[in-house]
Amino acid sequence: MSQEQLWEWRAAILQRLAKFRLTIHEDSALPKPVETGIPFLGFVVYPYQRLLKRRKGIAYCRRLKRLLRSGRPVKPSIQGWINHVRYGNTFGLRKAVLARFDLLEDANG
């Protein structure tokens, strides 16, 4: 499949969407190789793996730190985050984040 073919398909999609008065983010919806990764729902999807976006991991660490300081229950937050990130290749990340805050035993139930 050539780059020209991809650009033709993109133009056809834009034209079709215009019939329904729909638009896309034209600056970010550009044809590119899948090997560079496709951002989707907080992950970067590659042909053979899904990685959590770096900024999402950092943001959760900050959130967890605030929760621990506030004294509010953290277990529901941890369970929700683990449930989300388990769809990616994140075992090492989960282990590192929970170990950083001494919460490894809480993650097991």
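The residues on offer are Ile78, Ile38, Ile82, Ile58, and the sole one that is surrounded by 10 or more Cβ atoms within 10 Å (Cβ to Cβ), closer than 19 Å to Leu104 by Cα and free of Cβ contacts under 8 Å to residues at least 12 places away in the same chain is Ile58.
Residues that are of a type in the set (D, E, K, R) and either touching a helix residue (DSSP H, G or I) at 6+ places or on another chain (Cβ under 8 Å) or surrounded by 12 or more Cβ atoms within 10 Å (Cβ to Cβ) (or both) were ranked within the stretch 87-109; the one that is nearest to Phe43 (Cα to Cα) is Arg94.
Hey, does the stretch 90-97 have a residue that's more than 12 Å from the chain's Cα centre (by Cα) and in contact (Cβ under 8 Å) with a residue 40 or more places away in the chain?
Just the residues of the stretch 90-97 that are more than 12 Å from the chain's Cα centre (by Cα), to begin with: 91-97.
Adding the requirement that they be in contact (Cβ under 8 Å) with a residue 40 or more places away in the chain leaves 93, 97.
Within the stretch 90-97, one or more residues are more than 12 Å from the chain's Cα centre (by Cα) and in contact (Cβ under 8 Å) with a residue 40 or more places away in the chain.
Residues that are more than 23 Å from Phe43 (Cβ to Cβ) and assigned to a helix (DSSP H, G or I) within the stretch 68-86 comprise Leu68, Arg69, Ser70, Lys75, listed in sequence order.
Does Thr23 qualify as being loosely packed, with under 11 Cβ neighbours inside 10 Å, hydroxyl-bearing (Ser, Thr, Tyr) and in contact with a Phe, Trp or Tyr (Cβ under 9 Å, 6 or more places away or on another chain)? So Thr23 does not fit the description; no.
Would you check if Tyr48 is touching a strand residue (DSSP E or B) at 6+ places or on another chain (Cβ under 9 Å), in a loop (DSSP other than H, G, I, E, B) and aromatic (Phe, Trp, Tyr)? So Tyr48 fails the test.
Only the coordinates and a few stated rules stand behind these numbers; no lab work does. Computed from a prediction, not measured in an experiment: that's the story for all the values here. No Cβ is skipped: glycine too gets one built from the backbone with ideal geometry, and neighbour counts run over all protein chains shown.
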